[in-house]
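The values are calculated or read from the model by the stated rules, or taken from the named source; none is laboratory data. Treat the numbers as computed from the prediction; the structure is a model and nothing was measured. FYI the Cβ positions are ideal-geometry reconstructions off the backbone, even for glycines, and counts take in every protein chain you see.
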């Protein structure tokens, strides 16, 4: 394990200053941290210098590169309703997952976790190793490596030392009825838009139609219960949550993880809402099948592959439904957060919001096709 320098107190000081400079309305006040800045600087004056560089920030985390070999993920907010708005839970949640995955090479290695906020630093954070690679680009080599990583993740309960996922619950939620849960969450995520006075009637109709069709498929949940297989599921396959090099695809950012059906991963990975986030990309049908074939082969277990095919047929469309409904609700939330913000990040997010509005009818049509009962 790399030596954790510099002292953590100095790191908190630097993080507090860096967060104060971020033009993100969702970040809570850090006035107390700034008030303690001078005193902290004096007490750590002799500490080793630190190279702390902001890499990215979103609704949930601000991510910094620490020197050359580490990352710091600071929890700043959460759009995930399962946390009840308490973003301080994020770090302990992800820490539990990274501890479970230790030694698998599926994700980052956890080096330190600060899971309790304080008056001096009202955030929680994780320090991990830095993974070298590129985001998912949907080329066939990338699709194959992602398929292999997901197969490895989904097989873990069959591997020695990883048999029991129950100790992850809590904080990780165990989902016994994923179709029921995803339908309810889809309905909840759509409500801010459906209740908005500025809602487009056509989009309201689309949301109502997709929810109605998803509801019709709820009886298929019995097929998952008849062919059980649960494991740790990542659930958020936006291209930026993959780090891929010439040998391996790594998963990062476990905020949406759960214990449940692996078909949730397959469905979100292949969802047109997910894929479009990468440069407005559309995944060809042949590449979709290539990914699924590579995944089933990588399971290296004929019975498990058959079970996953049953799960995917029943549940695979629901992550796309949830993402579509989340997107519409996000227009309301993001507009509240970023409409009056300045800077490149806010401008980029508002542009992304406008783009998703333009794409919505096409995405809706694709999700409706996924919901057709076979």
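Counting only residues that are farther than 24 Å from residue 170 by Cα, outside any loop (DSSP other than H, G, I, E, B) and either under 13 Å from the mean Cα position of the chain (by Cα) or assigned by TED's automatic domain parsing to the domain that holds residue 85 (or both), the stretch 214-242 holds 3 of them. Between 241, 245, the distinction of being surrounded by fewer than 17 Cβ atoms within 10 Å (Cβ to Cβ) and touching a strand residue (DSSP E or B) at 6+ places or on another chain (Cβ under 8 Å) belongs to 245 only.
Only residues that are free of Cβ contacts under 8 Å to residues at least 60 places away in the same chain and either surrounded by 10 or more Cβ atoms within 10 Å (Cβ to Cβ) or within 11 Å of residue 100 (Cβ to Cβ) (or both): list them for the stretch 147-165, please.
The answer is 159, 161, 163, 164.
Taking the stretch 105-142 as the search range and keeping residues that are out of contact with any strand residue (DSSP E or B) (no Cβ under 9 Å at 6 or more places or on another chain) and under 26 Å from residue 275 (Cβ atoms), which one is surrounded by the most Cβ atoms within 10 Å (Cβ to Cβ)?
Here is the first cut: in the stretch 105-142, the ones out of contact with any strand residue (DSSP E or B) (no Cβ under 9 Å at 6 or more places or on another chain) are 118-120, 122, 138-140.
If we keep only those that are under 26 Å from residue 275 (Cβ atoms) too, we end up with 138-140.
Values: 138: 17, 139: 11, 140: 12.
Once the filter is applied, the top-ranked residue is 138.
If the condition is being at pLDDT 95 or above and either farther than 22 Å from residue 260 by Cβ or out of contact with any helix residue (DSSP H, G or I) (no Cβ under 6 Å at 6 or more places or on another chain) (or both), then the stretch 295-344 contributes 297, 300, 301, 302, 303, 304, 306, 307, 308, 309, 313.
Quickly run through the stretch 156-178 and pick out the residues that are outside any loop (DSSP other than H, G, I, E, B) and touching a strand residue (DSSP E or B) at 6+ places or on another chain (Cβ under 8 Å). Those that are outside any loop (DSSP other than H, G, I, E, B) and touching a strand residue (DSSP E or B) at 6+ places or on another chain (Cβ under 8 Å): 156, 157, 166, 168, 174, 178. Across the stretch 58-84, the number of residues qualifying as under 16 Å from the mean Cα position of the chain (by Cα) and assigned to a loop (DSSP other than H, G, I, E, B) comes to 8.
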